[in-house]
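What follows draws every value from the coordinates through simple rules; no lab data is involved. Being a predicted model, the structure only gives us computed values, none of them experimental. Here Cβ is always computed from backbone atoms with ideal geometry, including for glycine, and neighbour counts include all displayed protein chains.
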Amino acid sequence: MASKTTNPFMFLQQVRSETAKVTWPSRRETLISTLMVLVFAAVAMVFFFAADQLMAFAVEQILVIGR
């Protein structure tokens, strides 16, 4: 298999060219996306905390019955 080497200067030109094609989000879009992630993370945290507490309670009740 042949190895193709690229000139570092040429590589940087290609990277710059590809970066110019990227559509970057606006500040508002970034803020809204960040807030959505934080809200959904908080909702997931509450859900998993409640599920954990419910399962712990159920296991505790099962173990009490066994005594």
field: Tally of residues being among the β-branched types (Val, Ile, Thr) and within 19 Å of the chain's Cα centre (by Cα) across the range 1-55
entry: 7
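Okay, residues lined up against (1) surrounded by 10 or more Cβ atoms within 10 Å (Cβ to Cβ); (2) among the aliphatic types (A, V, I, L, M):
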site: Thr5; (1), (2): no, no
site: Pro8; (1), (2): no, no
site: Glu18; (1), (2): no, no
site: Glu29; (1), (2): yes, no
site: Val39; (1), (2): yes, yes
site: Asp52; (1), (2): yes, no
site: Ala58; (1), (2): yes, yes
site: Ile62; (1), (2): no, yes
